[in-house]
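Q: This is the structure I have questions about; it appears just below.
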Amino acid sequence: GFSSLAGAILENRSILSIYLNGNYGGPLGAAALAKGLEGNKSLRELYLQGNSFGDEGAIALMSGLSSHKGKLTVLDLANNSIGARGASHVAEYIKKSKSLLLINLYMNDIGDEGAEKIADALKENRSITNVDLGGNDIHAKGISAIARVMKDNSVISALEIGYNPIGPEGAKALAEVLKFHGNIKDLMLGWCQIGATGAEYIADMLKYNSTISSLDLRANGLRDEGAISLARSLKVVNEALTSLNLGFNEIRDEGAFAIAQALKSNEDVRLASLNLMNNFLTKLGQSAITDASDHVFEMNEKELNIVF
């Protein structure tokens, strides 16, 4: 099937997007597709999730794309069993690309070594705005390399690194850079095991950061301690943050009270969406947050959408 499509792509001059998600093409399918891509100039978006390409398939595909004469803007390689070796070839393609806007490597297995290769590539690339490295077994070492990219790269605006065990140290490395650098607007850190200590680093960063609009901290074991740290940063005027997701964090009423108090005390709060679903709030905690939401509306006539 992949071979047939590759032959057709060679001759086609108008197709812009190809979706082949979940077709289990394997390394041979990737190699076949690569041959077709070499001669195609029109393609802009390539979606290849769930095709079991592995490192061999990724290497073959990158070889074909490197010879591709068109201007690819989206490359989705999520869930393809790609390891560090395959990631190094993806990185080489990223270095050369001047048109790519989105790279998706979600749910592969690139690890710290692969993350460092991708980081090196992103230092040179100035077109990619959206990076998804979620679920790749990246630890603090790998995320530190990704964080350092943001010191000089103001192009990347969306960064997904959820489902990686970066821990508190990873959160610290990221927070230290994003405090004053980068242009990240959407930061996804769900299921990263940062805990209350990591939340403290993130909270401190938010006091100074002026770009992050949407922050996802789901399922990080923040508990009340982490919620209280974040509440302190919500008291500071932040012109950017409009959406905060704290779902699945074992937050109880004490944490909810702290957040509610912070919202009430900040007359210039910009927050428009607060997700607290699947925590351990009683009706008292929920009422406190709801009252704070009403107070925000009274202060600046802006709706604060709360999800429990």
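The values are calculated or read from the model by the stated rules, or taken from the named source; none is laboratory data. Keep in mind that what you see is a predicted model, and the values were worked out from it rather than measured. Virtual Cβ from ideal backbone geometry, glycine too; neighbours counted across all protein chains shown. Heads up: the accessible areas ignore ligands, DNA and RNA and are worked out on the full protein's heavy atoms, side chains in. Shrake-Rupley method; radii C 1.70, N 1.55, O 1.52, S 1.80 Å.
Q: State all residues of the stretch 2-39 that are of a type outside the set (A, V, I, L, M, F, W, C) and either touching a residue at least 60 places away in the same chain (Cβ under 8 Å) or farther than 22 Å from Gly86 by Cβ (or both); if no residue qualifies, say none.
A: Hits for the stretch 2-39 are Ser4, Gly7, Glu11, Asn12, Arg13, Ser14, Ser17, Gly39.
Q: Give just the number: which of (1) outside any loop (DSSP other than H, G, I, E, B); (2) more than 15 Å from Asn305 (Cβ to Cβ) does Ala240 not satisfy?
A: (1)
Q: For the stretch 274-308, name all the residues that are surrounded by 15 or more Cβ atoms within 10 Å (Cβ to Cβ), modelled with pLDDT of 95 or more, of a type in the set (A, V, I, L, M) and more than 26 Å from the chain's Cα centre (by Cα).
A: Hits for the stretch 274-308 are Leu281, Ala288, Ile289, Ala292.
Q: Any idea how many residues of the stretch 274-308 are in a helix (DSSP H, G or I) and in contact (Cβ under 8 Å) with a residue 24 or more places away in the chain?
A: 12
Q: How many residues are among the small types (Gly, Ala, Ser), surrounded by fewer than 19 Cβ atoms within 10 Å (Cβ to Cβ) and closer than 24 Å to Asn300 by Cα if we restrict to the stretch 214-262?
A: The number of residues fulfilling the criteria is 3.
Q: Another question, then. Where the second residue is hydroxyl-bearing (Ser, Thr, Tyr) and in a strand (DSSP E or B) and the first is open to solvent by 20 Å² or more (accessible area, probe 1.4 Å) and lies in the stretch 167-187, which pairs have Cβ atoms under 8 Å and are six or more apart or on separate chains?
A: Qualifying pairs under 8 Å: Lys185/Ser214; Asp186/Ser214.
Q: Based on what the data block shows, is Leu271 buried (at least 20 other Cβ atoms within 10 Å of the Cβ) and in a loop (DSSP other than H, G, I, E, B)?
A: Here the answer is yes, as Leu271 does meet what is asked.
Q: In the stretch 120-140, what residues are under 14 Å from the mean Cα position of the chain (by Cα) and more than 11 Å from Tyr106 (Cα to Cα)?
A: Of everything in the stretch 120-140, those that are under 14 Å from the mean Cα position of the chain (by Cα) and more than 11 Å from Tyr106 (Cα to Cα) turn out to be Ile128, Thr129, Asn130, Ile138.
Q: Select, from Ser88, Ser52, Ser3, Ser81, the only residue that is of a type in the set (Ser, Thr, Tyr), part of a helix (DSSP H, G or I) and within 25 Å of Met107 (Cβ to Cβ).
A: Ser88
Q: Identify, please: which residue in the stretch 114-145 is touching a Phe, Trp or Tyr at 6+ places or on another chain (Cβ under 9 Å) and among the hydrophobic types (A, V, I, L, M, F, W, C) and is, among those, surrounded by the most Cβ atoms within 10 Å (Cβ to Cβ)?
A: Leu133
Q: Taking Asn266, is it closer than 14 Å to Ser293 by Cα, crowded, with 17+ Cβ neighbours inside 10 Å and either polar (S, T, N, Q) or out of contact with any helix residue (DSSP H, G or I) (no Cβ under 8 Å at 6 or more places or on another chain) (or both)?
A: yes
Q: What about Leu46, is it under 16 Å from the mean Cα position of the chain (by Cα), outside any helix (DSSP H, G or I) and without any contact (Cβ under 8 Å) to a residue 40 or more places away in the chain?
A: Considered against the rule, which asks whether it is under 16 Å from the mean Cα position of the chain (by Cα), outside any helix (DSSP H, G or I) and without any contact (Cβ under 8 Å) to a residue 40 or more places away in the chain, Leu46 comes out as no.
Q: Something else now. Given the condition touching a strand residue (DSSP E or B) at 6+ places or on another chain (Cβ under 7 Å), open to solvent by 50 Å² or more (accessible area, probe 1.4 Å), among the aromatic types (Phe, Trp, Tyr) and not in a loop (DSSP other than H, G, I, E, B), answer yes or no: does some residue in the stretch 14-29 qualify?
A: Yes, there is a match, as at least one residue in the stretch 14-29 is touching a strand residue (DSSP E or B) at 6+ places or on another chain (Cβ under 7 Å), open to solvent by 50 Å² or more (accessible area, probe 1.4 Å), among the aromatic types (Phe, Trp, Tyr) and not in a loop (DSSP other than H, G, I, E, B).
Q: Please verify whether the stretch 100-111 includes one or more residues that are surrounded by fewer than 21 Cβ atoms within 10 Å (Cβ to Cβ), in contact (Cβ under 8 Å) with a residue 40 or more places away in the chain, not in a strand (DSSP E or B) and not hydrophobic (A, V, I, L, M, F, W, C).
A: The answer is yes, given that some residue of the stretch 100-111 is surrounded by fewer than 21 Cβ atoms within 10 Å (Cβ to Cβ), in contact (Cβ under 8 Å) with a residue 40 or more places away in the chain, not in a strand (DSSP E or B) and not hydrophobic (A, V, I, L, M, F, W, C).
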